[in-house]
Amino acid sequence: MATSDAEILFVDDDRTILELVREYLSEVGYRVEVVDNGMQALEKIKNQPYAIVFTDIKMPDIDGLELLSAIKEYRPETEVIIVTGHGSMESAIKAMKYGSYDYLQKPFKLNVLKIIIDRILEAKKLKQEKIVLKTRVKDRHRYEGLVGISLKMQEIYDTIDRMRTDAPNVLIEGESGTGKELTAHVIQRTSDRSRKPFVAMACKSLFKGVAADGQAERLHEVLQSAAEGTLFLDDICELPASAQAALALRCREARTAAARGGPPGARIIAATNRIVKEALAKGALDHDLYACLAEVLLQMPALRDRKEDICLLISHFLEQFNLKSSKKVLAVAPEAMDYLLSYSWPGNVIQLENVIERAFALGVELVIQIDDLPAEIRTAGEISRMH
């Protein structure tokens, strides 16, 4: 049984739902209060902090959106989940824009509440531990194939460390070029499944040439190919809706079988270059599949958000390409480095790697100068100097 000191509030004008929720969450170890109207909920929120609030979107006095706004005013640290009925999706999407952590559509399975609560509490725990990361005596500059000293990368290293002895499914969110597949490989190499197969599949082409009635068989084949190992699914939102639902079912069946002593199925690491919350709101990512995959959610930072890592990454790429090349490039000139540091890097780490590889291909000797940089970086650097 899970136990937690976190206070949870559930608001709904349907008392039957309230009793079911109260009984279930209490049984699985959570401290929960339930109320049947928004006004009473607001009074409670003013008087004490809650870690999480679930609120129905349609109530007679204060609706869920009004309560959400009030909670964010009085208790901005409280996470709010909007509970919607059929036909309320537009309001649910609006709620996400107003700061709702997620939304839950009725009817829902009670165990989904636990999945959401556990995910929120784990994220809060990691946030509280940031101070530990900031005060480390020795920060890690590298972690397996990952490079970076920024706090965002330290958090990723720390999360991967926590997964070494377990094999949770992982969902990696990040823009193109941020290193999602590389991160998946690192997770595999540092886990107790490191000697098992690592199978990478692009979801865009997973069912290419496969008829609709053959998708289930194809999915079974792919999962079997990574049995007891790791299956990496790139661009998970590109899977057809029917395939996403089938994969969610397979995940649940595998977990149930493993819990009963059966062989462990494939561990799934999925990646998307979309913002997960938006993908869920727009229906591009199935909610049940998300619940199965995001046992751990990793968010890869864009390079523009960790520019303190650029010099380390350049040194790393120079070292890599010097091993392969007869001509040696030892450094980047200070003026060229200024251009690289001021650039916005829409292609992220992959783009930076390509810039260094390009310098070797052009036959640069010893030091990369401004003239050795691609035109778009030179132009951006010149504009930056004018301001």
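The values are calculated or read from the model by the stated rules, or taken from the named source; none is laboratory data. Computed from a prediction, not measured in an experiment: that's the story for all the values here. For neighbour counting, all protein chains shown are included, and Cβ atoms are generated from backbone atoms with ideal geometry for every residue, glycine included. Ligands, DNA and RNA are stripped out before the accessible areas are found, and what is left, the full protein with its side chains, is counted by its heavy atoms. Shrake-Rupley method; radii C 1.70, N 1.55, O 1.52, S 1.80 Å.
Of everything in the range 352-387 that's in a loop (DSSP other than H, G, I, E, B) and open to solvent by 60 Å² or more (accessible area, probe 1.4 Å), which residue is farthest from G148 (Cα to Cα)?
H387
Against the condition more than 23 Å from S326 (Cα to Cα) and either over 32 Å from the mean Cα position of the chain (by Cα) or at pLDDT 95 or above (or both), how does E365 come out, does it pass?
Criteria not met by E365.
Considering only residues that are in contact (Cβ under 8 Å) with a residue 12 or more places away in the chain, assigned to a helix (DSSP H, G or I) and either open to solvent by less than 30 Å² (accessible area, probe 1.4 Å) or of a type outside the set (V, I, T) (or both), which ones fall in the range 325-351?
The answer is E335, A336, M337, D338, Y339, L340, L341, S342, N348, V349, Q351.
Let me spell it out: the conditions are (1) of a type outside the set (D, E); (2) touching a Gly at 6+ places or on another chain (Cβ under 9 Å); (3) within 15 Å of V222 (Cα to Cα), and R255 meets all of them except one. Which number is the exception?
If we test R255 against (1) of a type outside the set (D, E); (2) touching a Gly at 6+ places or on another chain (Cβ under 9 Å); (3) within 15 Å of V222 (Cα to Cα), just (3) comes out false.
Quick check, is K124 under 22 Å from the mean Cα position of the chain (by Cα), under 18 Å from M59 (Cβ atoms) and part of a helix (DSSP H, G or I)?
Judged against the criteria, K124 is not a match.
Taking the condition of being over 21 Å from P301 (Cβ atoms) and either buried (at least 16 other Cβ atoms within 10 Å of the Cβ) or at pLDDT 85 or above (or both), how many residues in the range 121-139 meet it?
Number of matching residues: 1.
List the strands (runs of 3 or more DSSP E) inside the range 1-101, counting only whole elements, that have at least 3 residues being open to solvent by less than 50 Å² (accessible area, probe 1.4 Å), at positive phi and not basic (K, R).
Counting at least 3 such residues, we get no strands (runs of 3 or more DSSP E) at all.
Identify the residue in the range 140-196 that is of a type in the set (V, I, T) and assigned to a loop (DSSP other than H, G, I, E, B) and, among all such residues, is most open to solvent (accessible area, probe 1.4 Å).
T165
Among the numbered criteria (1) of a type in the set (K, R); (2) over 23 Å from the mean Cα position of the chain (by Cα); (3) open to solvent by less than 30 Å² (accessible area, probe 1.4 Å), which one does R306 miss?
Result: R306 fails condition (2) only.
For Q215, work out the one condition from (1) out of contact with any Pro (no Cβ under 8 Å at 6 or more places or on another chain); (2) surrounded by fewer than 19 Cβ atoms within 10 Å (Cβ to Cβ) it doesn't fulfil.
(1)
Looking at (1) among the hydrophobic types (A, V, I, L, M, F, W, C); (2) touching a residue at least 12 places away in the same chain (Cβ under 8 Å); (3) in contact with a helix residue (DSSP H, G or I) (Cβ under 7 Å, 6 or more places away or on another chain), which one does V210 not meet, given that it meets all the others?
The single condition V210 does not satisfy is (2).
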